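Written below as structure tokens is the structure these notes are about.
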Amino acid sequence: MAGDDSRAGAGCVNYGIPGATDPGVPLWQAAPSGFRRYERTVVIGRGADVWSAARDAVVLWEVKRRSGFAVAQADGSGIRVREGGRYTITAGRWWFIVSEPVEVVAVIDTEDRCGFAYGTRPGHPVRGEEAFIVHRGDDGRVFLTLRSLTRAAPAGPWRTLFPVLLLAQFCVRRRYLRALA
């Protein structure tokens, strides 16, 4: 059952297409109907040291953390990303804190590509998926790629605030793209 928070695994995401941002593929083809699709790649450096640091950072949620979010395990799985792991991402200050329950739905870790995708769970302000992928080219350049699929939450106050959330998402993505540079 998709809304049953007691089960582990991708069946608990609230958007119906787990793994759609496919961090394992260099050319992302997904374009599910009803979602806003986003993809952007930036160069974050060059060389083995940059690659090693970026690879470690991405699997420890550093793109999110360096962009102003806190990330906590929600299921005892540890902070390092793992497929099926559940986390709570929080943002905000003082009296206004937004909690985002998520589940990692895909992980890739090869010699030249490392990253993960997480999906929203019930209670998240939006529905969809986001992926953070680092990869390196034959010339030694190291890249960060962001992918996301977003649509409004099914009900509640967040649905009404969706246009504001899209503006916030635009600003946060700029931070993501600079987080590992």
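Can you tell me the length gained on complete extension of the stretch residue 73 to residue 160, counting 0.36 nm per residue apart and subtracting the Cα distance?
28.4 nm
I need to check one value: relative contact order of segment 45-103, counting alpha carbon pairs closer than 8 Å and at least 6 residues apart, in percent.
24
Roughly to the nearest percent, how much of the accessible area of the chain is carbon and sulfur, given a 1.4 Å probe?
Reported share for carbon and sulfur atoms: 55 percent.
Taking 8 Å as the Cα distance limit and 6 or more residues as the minimum spacing, I'd like the relative contact order of segment 114-161 as a percentage.
That works out to 34 percent.
Compute the Cα gyration tensor for segment 88-181, then decide on rounded, prolate or oblate, letting a ≥ b ≥ c be the square roots of its eigenvalues: rounded whenever a/c is under 1.5, prolate when a/b is larger than b/c in the other cases, and oblate in all that remain.
prolate
Given a 1.4 angstrom probe, what's the average accessible area per residue across the chain, in square angstrom?
50
Tell me whether the chain comes out rounded, prolate or oblate; compute the Cα gyration tensor, take square roots of the eigenvalues as a ≥ b ≥ c, and use a/c under 1.5 as the rounded threshold.
Verdict is prolate for the chain.
Dipole size in debye (nearest 20) for the chain around its Cα centre, Lys and Arg Cβ +1, Asp and Glu Cβ -1?
My answer is approximately 700 debye.
Leaving ligands, DNA and RNA out of it, work out the accessible area of residue 135 with a 1.4 Å probe and give it in Å² to the nearest 10.
The accessible area of residue 135 comes to roughly 30 Å².
Let me have the relative contact order for the chain, percent, based on Cα pairs under 8 Å that are six or more residues apart.
So the answer I get is 27 percent.
Return one number: the angle in degrees, 0 to 90 and rounded to the nearest 10, between the long axis of the Cα atoms of helix 48-59 and the longest principal axis of the Cα atoms of the chain.
Computed tilt is about 10 degrees.
Taking Cα centroids, how far is segment 54-109 from segment 133-181 in Å?
When both Cα centres are located, 14 Å separates them.
The values are calculated or read from the model by the stated rules, or taken from the named source; none is laboratory data. All values reported here derive from a predicted model rather than from experimental measurement. Because the Cβ atoms are built from the backbone with ideal geometry, glycine has one as well, and the counts that use them run over all protein chains shown. Remember, those area values only see protein heavy atoms, side chains included, never the ligands or the DNA or RNA. Shrake-Rupley method; radii C 1.70, N 1.55, O 1.52, S 1.80 Å.
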